[in-house]
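*Asks:* Handing you this structure, nothing more for now.
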Amino acid sequence: MFGEKITHVLARGFIVWLLIIFAETIHGITRTLLLEPLIGDFRARQVSVFTGAAMIVVITFVFVRWLKGSGALDFVLIGIMWVILTVGFEILLGRLVLDISWERIASDFDILHGGLMLFGVLVMLFAPIAMARLCDEI
């Protein structure tokens, strides 16, 4: 029973992640076309961490009830799954599709040199549980 329930919750979490990653992909394309020419690549990536984090929170808020988690653990597992899928997606897209160097990918996570992606990843990790609590789902 427990395994079947968590499988359904994670499957719904995966569907919401697909929506998030689609929105983030459009967000990244828009950043590259509109913001990057104005303020440069690195600054545009910094700004987009905050706008992307806001998108994650909004999408999570909209779908948190649909996830049908039954407790805090369900929402924590969804957050962990989203982080693993997103980091994997970023690396695969960056390396295999866009031919981005490991140094460039790592720079997004380098807090000491202005990389802010870790902030976005933390928002993604905690958004499901935070929105579940906000919406009285747990």
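The values are calculated or read from the model by the stated rules, or taken from the named source; none is laboratory data. Computed from a predicted structure; not experimentally measured. For neighbour counting, all protein chains shown are included, and Cβ atoms are generated from backbone atoms with ideal geometry for every residue, glycine included. Keep in mind that these areas ignore ligands, DNA and RNA; they rest on the heavy atoms of the full protein, side chains included. Shrake-Rupley method; radii C 1.70, N 1.55, O 1.52, S 1.80 Å.
*Asks:* Might you check whether a residue that is open to solvent by 50 Å² or more (accessible area, probe 1.4 Å) and among the aromatic types (F, W, Y) occurs anywhere in the stretch 84-101?
*Replies:* Yes: one or more hits.
*Asks:* Would you mind stating whether G115 is touching a Ser or Thr at 6+ places or on another chain (Cβ under 7 Å) and either within 17 Å of L19 (Cβ to Cβ) or not hydrophobic (A, V, I, L, M, F, W, C) (or both)? Lay out the reasoning, then the answer.
*Replies:* Details: touching a Ser or Thr at 6+ places or on another chain (Cβ under 7 Å): yes; either within 17 Å of L19 (Cβ to Cβ) or not hydrophobic (A, V, I, L, M, F, W, C) (or both): yes.
The answer is yes for G115.
*Asks:* Scan the stretch 18-76 residue by residue and report those that are open to solvent by less than 30 Å² (accessible area, probe 1.4 Å) and touching a Cys at 6+ places or on another chain (Cβ under 7 Å).
*Replies:* Within the stretch 18-76, V64 is the sole residue that qualifies.
*Asks:* Would you confirm, using the coordinates I've provided, whether I129 is of a type in the set (A, V, I, L, M, F, W, C) and over 11 Å from the mean Cα position of the chain (by Cα)? Break it down into steps so the answer makes sense when it comes.
*Replies:* Values: of a type in the set (A, V, I, L, M, F, W, C): yes; over 11 Å from the mean Cα position of the chain (by Cα): yes.
Yes: the conditions hold for I129.
*Asks:* Please go through (1) under 14 Å from the mean Cα position of the chain (by Cα); (2) exposed (fewer than 13 other Cβ atoms within 10 Å of the Cβ) for L112 and return the number of the only condition it doesn't satisfy.
*Replies:* (1)
*Asks:* What do you reckon, is I80 open to solvent by less than 60 Å² (accessible area, probe 1.4 Å) and in contact (Cβ under 8 Å) with a residue 12 or more places away in the chain?
*Replies:* Values: open to solvent by less than 60 Å² (accessible area, probe 1.4 Å): no; in contact (Cβ under 8 Å) with a residue 12 or more places away in the chain: yes.
No.
*Asks:* So how many residues does the stretch 1-17 have that are open to solvent by 70 Å² or more (accessible area, probe 1.4 Å) and either more than 17 Å from G79 (Cα to Cα) or at pLDDT below 95 (or both)? Please lay out each step first, then the result.
*Replies:* Applying the first criterion (open to solvent by 70 Å² or more (accessible area, probe 1.4 Å)) to the stretch 1-17 yields 1-2, 4-5, 7-8, 14-15.
This time we only want the ones that are either more than 17 Å from G79 (Cα to Cα) or at pLDDT below 95 (or both), so: 1-2, 4-5, 7-8.
Adding up the residues that qualify gives 6.
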